[in-house]
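Read through the structure below, which is laid out as structure tokens, and then see the notes.
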Amino acid sequence: MRMSHSALALVRGALTGHTGWPRTWDSPLPRDRYKVIVVGAGGHGLATAYYLGRNHGITDVAVLEKGWLGGGNTGRNTTIIRSNYLQDASSAIYEKSRALYEGLSQELNYNVMFSPRGVMMLAQTEHEVRGYLRTARANYLQGVETRFITPEEVQKRVPIIRLDGPRYPVLGALWQPRAGTARHDAVAWGYARACSAMGMHILENCEVTGVRSDAGRVSGVETTRGAIGCERLAIVVAGHSGRLAQMAGFRLPVESVTLQALVSEPVKPCMDVVVMANTVHGYLSQSDKGEMVIGGGADGFNNFTQRGSWHHIEETVRALVETFPMLSRLKMLRQWGGVVDMTGDRSPILSPTPLGGCYINCGWGTGGFKAIPGSGWAMAEMVANEAPGPLAAPFGLERFREGRFIDESVAAGVAH
Amino acid sequence: MLMLTCPCCGVSAEETEFAPGGAAHLRRAGPGTPDDAFEAYMFQRDNPRGVHFERWRHAYGCGKWFLAARCTRTLRVLGTYSARTTEPPADLAAEPPVDLAADLRAPAAEAPA
Amino acid sequence: MSAHRLETGGRLIDRTRRVRFTFDDAPLRGQAGDTLASALLAEGRMLQGRSFKYHRPRGPVTADSAEPNALMGLDTGARAEPNVRATSVQLSEGMVVHSQNRWPSLAFDVGRIADRLARVLPAGFYYKTFLWPRPFWKHVYEPLIRRAAGLGRAPEGVDPDRYEQLHAFADVVVAGGGVAGLAAAWAAAQGGARVIVLEETGHWGGRAVVDGLVIDGHPAEAWVTATVAALEGLANVTLRTNTSLTAVHDHGYVLADEWPQDAGAGIAAPRQRLWRIRAGRVIAANGAIERPLAFAGNDVPGVMLASAVRDYAVNYGVAVGRRVVVVTNNDDAYRTALALREAGVEVAAVVDARDTLPGPLAQQVRAHGIPIHDGSAIEAVQGDIGVTGVTLCRHSGNGACVSAQIACDAVAMSGGWSPAVHLWSHAGGKVVWDADGAMFRPDPAQGPTGHDGAVFVIPAGAAAGALWGPQALADAHAAGLRAAAETGHPGHTPAPVAEAPEERAILPVWTMPEGAGPRLKSRMFLDFQNDVKVTDVELAAREGFESVEHAKRYTTLGMATDQGKLSNINGLAVLAAARGAGIAETGTTTFRPPWTPLTLGAIAAEARGELFQAVRETPMHAWHAAHGARWEPVGQWRRPHAYVRPGETPAKAVNREVLNTRQTVGVLDASTLGKILVRGPDAGRFLDMLYTGTMSTLAVGRCRYGVMCTENGFVFDDGVVARIDATTWLCHTTTGGAEAVHGWMEDWLQCEWWDWKVHVIDLTEQLAQIAVAGPNARRVLQKLGGMDLSADALGHMRWAAGRLGDFDARVLRVSFSGELGFEVAVPASQGPALWDRLMAAGAEWGIMPYGTEALHVMRAEKGFIMVGDETDGTVTPGDLGLPTGAKKADFLGKRGLERSHLRDPERWRLVGLETLTGSVLPHGAYSVTGGYTDTYQRETDGRVTSSYYSPTLGRGIALGLVRRGPERMGEVLTFPVGAASQMKARIVDPVFFDPQGGRLDG
């Protein structure tokens, strides 16, 4: 029996010492066979399962997780949600995602704390100004609400920023008012709870060790908890995609590197929006707890340790102290790393694979968290229809062979 | 913060003196090669959780490119060798078995808030 | 002396020197040597903070850097520092201290309403509510939560203090200057190893000097003094106090955070110093952390760790209470009873959860007549903002039967000790559960490994799990010898021998009493700062958050500023019990750097302001600066954007510069362009592979424009190539692309075509290069005298070397403006002189410098592409109408260009765009077809890549990429530019000005 969440329920809970709350998601024994197996109980995998049930009526689903649910990048990112991407394909899926985040707490009856506090991306060179003007125009046609704002408006929205740094003065910013942050763990937990309520099985500590196929079509997986049959297989395992792909008999255009982040000790509210400074590779927001959440650059070498190199932290902190001088006297409380998957064009892969009935979702790089609902939506559509829908179609594996990149790094070329 | 030894000049230095350059021993697929070969050359990567053969440049030192065999799970550098090599030296090519159990123990994570 | 300052003790304070400070504006006094917390305690101020969630009143619980409660704000304004641990900061004269997270005052905090509502605000309550109405989360609920959370107030403005960083190299770095660290350092140093010893506090000796260890027959204090003196006498040993080894990174990269004690004494002293040390071996001798006990009311101010209680008495001469109850599950806490007794403080009772026979320490306590309640537990602590008493019960029961009530004003608790495994774990070391010792300790089989695969962190003493003094010392000595031997400096020295009373085994106690029910458990705090209680962890387990990471995240246990130093082990033991599982299988969370919070200013250090990043300046930089240059950063270079005259707008300046160049003559500092010399028998063949065009056939003395592609077939750089001699070419690159192109060349030469005989050198900074352009350009140059620069002698796209006036010059006849143009290269040191000569020579023709913006306008008027504007990493040479290399057998990018999408006839290609009204199209505008995509976005078929007002033509001009563009000449495109407005522009030839190129000849 699932208990509906509300303030009243909390009061009722208090009367019984909160002993009546059920499990957030069930922990059943695996069945022999499911219609769909989703490998990976991170945000993307759980959202895939959820929308399979919600949009397509497919609830004979198991989500397999080798460790603990939400234990990958879902729970170790800087929680930024935005959709101000340049390319149509990207903005379509990220905006779908952002729009779903708007109502996700109510839909899941679980507060994921989506907070559309606004995201601004600082323009600190003329080249960046031109790039963001272009993005703003593209976003307008894509139905994504953004605009280029003046340094004065930047200052008004972010009182702690210094506009006139000696190296990179703030020349303006791309502002997306309905972008923001959410509570990352809650997204995974909320989806898991909803999947479980639909009767889906979430199997933790269940590592896939092999993929079974029959006449070019997937027939099941081998796991540390025994063999499980399936009609369709969705591989949504981020940093482990290469290994799963190998089991399923294909290769991927993916490399894994470590991306680092850090938080300061909590302080009283001093910044109400999310600020990204791409010229100097740093982004900053303040969590509801009051911690300044800081994200930085990625290592340039393959790395699965979840430990990055210190000089990236140093570079990020230097840049942010320069832009936000008050940070200087705050203290770093914790630093950590996540393993992110970089594809050949730095955009994700949502694709059928050479193995029939097997679909893959990976390569989100540094942008995975914000995409969770949209990615799950598009993946579910592809698995349910056995063909990609319009959101997923541009992200197929064949694009590398065709040279049809979805390249968001267009600001990279600095010339003249 | 890795320590690497440049096989060209012999200097052991830390990572900031070097620039990483991706997977080593790729075979260039030029004009007229099949799509598969070009895709493999440009995009498909083994991305191993284990020994990775990779390119580095001693960018702030002697300027030379070299190759390294490095474990992506432990960061251990098994060895560095000349970039003028088409395949890994035999003593570095024997890949130690990946410890699955250690991988399972490893995941533990932090949250920003 | 105040009521709480003892007559005796206080080995760290100077009773002759008073220190004045204010706390929440109240003037108070302490003694030199006090910490802020000890001074406040001496003044009877036990209430020192408010908790994060429920705003409960809290006092200090530790006497060190693990403190979760006594966090305070120092100073105000730009020097404000929030969340300072009162327990580890040294008191200083005139210190201004404020309590945090309370309103209006520490004693009366409105926020405590949350505590009254605690029953409806259990762990994770926020996930279950605040759902409706939807906008309320952002506008009502979240702002309330944010305001209530957050601890200290943020500083404001620019930090006036200075931070510095030092690099050091060591064979052995020892973290911790307790007796274990000192013994390890002494052993390690014998063979000549370079040893650095780092002690977090201002004092050597750690716990042993407080706890009364006897070493080699001497009291620990004497042994410490002698050992420190001996270490100071060794040239290969560096000792630092007030320096915390805060992070261990891969391959022995260690960060240590020093708070120099001369800070603030003069402008030269940095506030903090960050040591970046490369260590062969790290000895983690950073001790152990005492665990609180979970009993009801264990967070009332006055309930403190037993070790802290005796630290305050012994080190600072401060009695935290006048009548103290000690509660424990191990023998160590008996030392607190003895220390208090010796200091003249009444110990009302020792409450011991164990039933076993008393050991030597207990016998000493009993001999003093202190009652010992064995097999007992604290049922609950009485008091709200201070302890008034405790009630006792049987530990094995559920607390229903109260066996005794004791009046007291402080409780000293000890739940045993956890080795500080943080430094072991930072770089990947794993821990193992030691059931006998009831602790996680480093697992020697799974240590953090260095570049060579060897374990490079060696835990020593208590940090290794050797909690008993004599054992710790022996372990540390062995660790020191091992570290020295492993770094190639083996040595020998006898091990110090310590004596201490035998200690009985610990009884693991995770809740007290063992069988406590919800009534008691809901008052047992695990994480003091975040107000996580035993019932919260049980709720998490009940709701399925069974993984230790889930429980941590759901309850926020261990996520406070102490990062779980006090709470982690107790919390996961409670979780394990709730799951019905063992602690070993439940596992622990990861210990991430830093050990103690690290000031961001210290991480940034000197890289602030002008030193933030290197700036590259051309030889003529000073001239530009003196003549109104507005700078544009290009990579690390600064280029003049325009030279703005007084009273002129930047736009007007650009127009003036363009017109002047077109009408007479202008000069541009082109020194930032990349200049790469490629030489060797295979250089021509090599360049043919790099450029889409053919460079090997270029005649000596001639120049050719070239485009480079990535292997994907996308344009990444361009520039003019000059053939210098039979085996030498000079390749010009874009300003931003110089290093990348040089690196790209080296990459292919070293890694792919290593048998090709080619040398490459980057001459960018060796040469000053000045472009002279305009109808009078030749006249200006000829006025300098020397070289024949006539049209016959030096045709377009040719170059010549010779004497130009007093200069050794290479003159290239090239043009990016469409005017008669020359680029003159001279050695960098002669650049300013040449510039001055040109300005003087050109005066009669009204020569003016022009900046990058005028350059952009002129090149756009000519339809020349700019890498980074017309290209963005997705554009092919064919898209731009540039050489595609179609006839060449191979070049970098050729195979990529063969792919279907790159050969697609629907590709967007370069055209000119002209608005129907002559107005200027916005940068980055897209044209629309009127249709929609499958994802309901408006379908586009072109975009503006460059757009300018052309002063030459008196109207707007633009370049753009348009689907099948060149096939659609004359078509009118629609560019939406706002919610209700759009602009129309016609597709035209990209060359707007002088299409015949007649002006190239002046």
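Here's the yes/no breakdown for (1) surrounded by fewer than 19 Cβ atoms within 10 Å (Cβ to Cβ); (2) outside any strand (DSSP E or B); (3) more than 14 Å from every other protein chain (Cβ to nearest Cβ); (4) modelled with pLDDT under 95:
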site: C:V209; (1), (2), (3), (4): no, yes, yes, no
site: C:V228; (1), (2), (3), (4): no, yes, yes, no
site: C:L239; (1), (2), (3), (4): no, no, yes, no
site: C:V248; (1), (2), (3), (4): no, no, no, no
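Any idea which of A:G17, A:G70, A:G40 is on the phi > 0 side of the Ramachandran plot and touching a Pro at 6+ places or on another chain (Cβ under 6 Å)? Criteria check complete, one pass: A:G17. For the range A:375-391, the set of residues classified as more than 17 Å from A:Y101 (Cα to Cα), within 11 Å of chain C (Cβ to nearest Cβ) and in contact (Cβ under 8 Å) with a residue 40 or more places away in the chain consists of A:P390 only.
Here is a yes/no grid of residues against (1) at the interface with chain A (Cβ under 7 Å from one of its Cβ atoms); (2) within 16 Å of the chain's Cα centre (by Cα):
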| site | (1), (2) |
| --- | --- |
| B:E54 | yes, yes |
| B:C62 | no, no |
| B:A68 | no, yes |
| B:T80 | no, yes |
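Among the candidates A:V39, A:V61, the residue that is under 18 Å from the mean Cα position of the chain (by Cα) and at pLDDT 95 or above is uniquely A:V39. Selection over the range C:74-83 of residues that are more than 9 Å from every other protein chain (Cβ to nearest Cβ) and crowded, with 24+ Cβ neighbours inside 10 Å gives a count of 0. Please determine whether any residue of the range C:471-480 is within 31 Å of the chain's Cα centre (by Cα) and either crowded, with 24+ Cβ neighbours inside 10 Å or more than 14 Å from chain B (Cβ to nearest Cβ) (or both). Looking through the range C:471-480, none of the residues is within 31 Å of the chain's Cα centre (by Cα) and either crowded, with 24+ Cβ neighbours inside 10 Å or more than 14 Å from chain B (Cβ to nearest Cβ) (or both). Of all the criteria given as (1) modelled with pLDDT under 95; (2) assigned to a strand (DSSP E or B); (3) within 22 Å of C:G44 (Cβ to Cβ), the one not satisfied by C:S403 is (3). Being within 11 Å of chain C (Cβ to nearest Cβ), in contact (Cβ under 8 Å) with a residue 60 or more places away in the chain and buried (at least 22 other Cβ atoms within 10 Å of the Cβ) is not true of A:A179. Would you pick out the residues in the range C:502-542 that are charged (D, E, K, R), within 14 Å of another protein chain (Cβ to nearest Cβ) and more than 20 Å from C:R58 (Cβ to Cβ)? Those that are charged (D, E, K, R), within 14 Å of another protein chain (Cβ to nearest Cβ) and more than 20 Å from C:R58 (Cβ to Cβ): C:R519, C:E538, C:R542. Taken over the range C:831-873, the residue count meeting the criterion of being within 14 Å of chain A (Cβ to nearest Cβ) and not in a loop (DSSP other than H, G, I, E, B) is 9. The residue of the range C:929-986 that is nearest to the other protein chains (Cβ to nearest Cβ), among those that are of a type in the set (S, T, Y), part of a loop (DSSP other than H, G, I, E, B) and without any contact (Cβ under 8 Å) to a residue 24 or more places away in the chain, is C:T935. C:R907 passes every criterion in (1) at the interface with chain A (Cβ under 10 Å from one of its Cβ atoms); (2) under 22 Å from A:F395 (Cα atoms); (3) in contact with a Ser or Thr (Cβ under 9 Å, 6 or more places away or on another chain) apart from (1). Residues in the range A:242-300 that are hydroxyl-bearing (S, T, Y), more than 30 Å from C:E156 (Cβ to Cβ) and more than 11 Å from chain C (Cβ to nearest Cβ): A:S256 alone. Summed over the range C:93-104, the residues that are surrounded by fewer than 17 Cβ atoms within 10 Å (Cβ to Cβ) and touching a strand residue (DSSP E or B) at 6+ places or on another chain (Cβ under 8 Å) give a count of 4. Here C:A107, C:A114 are screened, and the one residue that is more than 9 Å from chain A (Cβ to nearest Cβ), under 28 Å from A:I160 (Cβ atoms), outside any strand (DSSP E or B) and more than 33 Å from the chain's Cα centre (by Cα) is C:A114.
Counting only residues that are farther than 21 Å from C:L274 by Cβ and touching a helix residue (DSSP H, G or I) at 6+ places or on another chain (Cβ under 6 Å), which one in the range A:301-340 is farthest from the other protein chains (Cβ to nearest Cβ)? Among those that are farther than 21 Å from C:L274 by Cβ and touching a helix residue (DSSP H, G or I) at 6+ places or on another chain (Cβ under 6 Å), it is A:V339.
Assessment of the range A:56-66 against the conditions (part of a helix (DSSP H, G or I), of a type in the set (K, R) and within 14 Å of chain C (Cβ to nearest Cβ)) yields no matching residue.
When C:G736, C:G693 are checked against the criterion of being at negative phi and modelled with pLDDT under 95, a single residue qualifies: C:G736. Of all residues in the range C:132-184, those that are in contact with a Lys or Arg (Cβ under 8 Å, 6 or more places away or on another chain), of a type outside the set (A, V, I, L, M, F, W, C) and over 22 Å from C:V110 (Cβ atoms) total 12.
So that you can scan it fast, the table gives a plain yes or no per residue for (1) of a type in the set (D, E); (2) farther than 30 Å from C:L897 by Cβ; (3) over 41 Å from the mean Cα position of the chain (by Cα):
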residue: C:W835; (1), (2), (3): no, yes, yes
residue: C:A840; (1), (2), (3): no, yes, yes
residue: C:F864; (1), (2), (3): no, no, yes
residue: C:D869; (1), (2), (3): yes, no, no
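With respect to the conditions (1) of a type outside the set (A, V, I, L, M, F, W, C); (2) in contact with a Cys (Cβ under 8 Å, 6 or more places away or on another chain); (3) in a helix (DSSP H, G or I), C:T876 falls short on a single one, namely (3). Scanning the range C:550-571 for residues that are within 11 Å of another protein chain (Cβ to nearest Cβ) and aliphatic (A, V, I, L, M) yields C:A551, C:M559, C:A560.
One line per residue, one yes/no per condition, for (1) surrounded by 18 or more Cβ atoms within 10 Å (Cβ to Cβ); (2) modelled with pLDDT of 95 or more; (3) in contact with a strand residue (DSSP E or B) (Cβ under 9 Å, 6 or more places away or on another chain); (4) outside the structural domain of C:A269 (by TED's automatic domain parsing):
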| site | (1), (2), (3), (4) |
| --- | --- |
| C:R553 | yes, no, no, yes |
| C:A560 | yes, no, yes, yes |
| C:A584 | no, no, yes, yes |
| C:L598 | yes, yes, yes, yes |
| C:E610 | no, no, no, yes |
| C:V615 | no, no, yes, yes |
| C:T618 | yes, yes, yes, yes |
| C:A626 | no, yes, no, yes |
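Residues in the range B:2-39 that are free of Cβ contacts under 8 Å to residues at least 40 places away in the same chain, within 8 Å of another protein chain (Cβ to nearest Cβ) and under 15 Å from the mean Cα position of the chain (by Cα) were compared, and the one that is surrounded by the fewest Cβ atoms within 10 Å (Cβ to Cβ) is B:G22. Go through the range C:154-195 and count every residue that is within 30 Å of C:F52 (Cβ to Cβ), in contact with a strand residue (DSSP E or B) (Cβ under 6 Å, 6 or more places away or on another chain) and part of a loop (DSSP other than H, G, I, E, B). Count: 1.
The values are calculated or read from the model by the stated rules, or taken from the named source; none is laboratory data. Since we're looking at a predicted model, the values are computed, not measured. Neighbour counts are summed over all protein chains in view; Cβ atoms, including those assigned to glycine, are modelled from backbone coordinates with ideal geometry.
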